[in-house]
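Contents: one structure, followed by commentary.
The values are calculated or read from the model by the stated rules, or taken from the named source; none is laboratory data. Bear in mind the structure is a predicted one, so any value in this text is a computation, not a measurement. Cβ coordinates were reconstructed from backbone atoms using ideal geometry, including for glycine residues, and neighbour counts include every protein chain displayed.
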Amino acid sequence: MFTRNVRPEPDAIEVIIGPRARFSGQLQCEASIRIDGVVDQGRIETPSNVIITETATVQCDINARVVSIRGKFKGVIQAERVELLDGSQVAGVLNVNSFYMDETVVMRAAVNIRADVAAEIKPPSPPANPTVPVIQAAESSKTPTEPS
């Protein structure tokens, strides 16, 4: 029935930081994590989900598949999807593939949406023969002219 080699279901909440708990440090888990209390600093890593409830205050970096926030968060998130739900207050940087935000969210964060992390983004090529208008000092009342 219980074996050490069997991993929990990816969506099973295995770690709960309760409403009267305070945590600082690095937390790594293979299952989902729910935070009802306070995370002062550190890093949270899971290949599954992180749920920050309305009673939570979290100040750390998070690396997860999906991060759902109803409470207060400050830090950097690396995730497939971030959901900012009613009542959440968010500050920091969100690096995501997918993003959702309710109307009543307070957000002071940079959101970097990337379709594919491995894809290299190339800037467009400049035009072959660009034409730049030149304004000459003696002819400042006239319209710009093309260089000869």
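What about SER141, is it modelled with pLDDT under 95 and in a strand (DSSP E or B)?
Spelling it out, it is not the case that SER141 is modelled with pLDDT under 95 and in a strand (DSSP E or B).
Quick one: would you say VAL117 is touching a Pro at 6+ places or on another chain (Cβ under 7 Å), at pLDDT below 95 and either of a type in the set (S, T, N, Q) or more than 30 Å from THR55 (Cα to Cα) (or both)?
no
Is there a residue being at pLDDT 95 or above, of a type outside the set (Phe, Trp, Tyr) and under 25 Å from ASN112 (Cβ atoms) anywhere in segment 14-25?
No, segment 14-25 contains no residue that is at pLDDT 95 or above, of a type outside the set (Phe, Trp, Tyr) and under 25 Å from ASN112 (Cβ atoms).
Residues of segment 29-39 being modelled with pLDDT of 95 or more and either surrounded by fewer than 17 Cβ atoms within 10 Å (Cβ to Cβ) or aliphatic (A, V, I, L, M) (or both), which ones?
Across segment 29-39, the qualifying residues are ILE33, ILE35, VAL38, VAL39.
Just the residues that are out of contact with any Cys (no Cβ under 6 Å at 6 or more places or on another chain), buried (at least 16 other Cβ atoms within 10 Å of the Cβ) and not hydrophobic (A, V, I, L, M, F, W, C), please, taken from segment 46-63.
Answer for segment 46-63, where residues must be out of contact with any Cys (no Cβ under 6 Å at 6 or more places or on another chain), buried (at least 16 other Cβ atoms within 10 Å of the Cβ) and not hydrophobic (A, V, I, L, M, F, W, C): SER48, ASN49, THR53, THR57, GLN59, ASP61, ASN63.
Which residues, taken from segment 65-108, are over 23 Å from GLY18 (Cβ atoms) and either of a type in the set (Phe, Trp, Tyr) or out of contact with any strand residue (DSSP E or B) (no Cβ under 6 Å at 6 or more places or on another chain) (or both)?
Those that are over 23 Å from GLY18 (Cβ atoms) and either of a type in the set (Phe, Trp, Tyr) or out of contact with any strand residue (DSSP E or B) (no Cβ under 6 Å at 6 or more places or on another chain) (or both): PHE99, TYR100, ASP102, GLU103, THR104.
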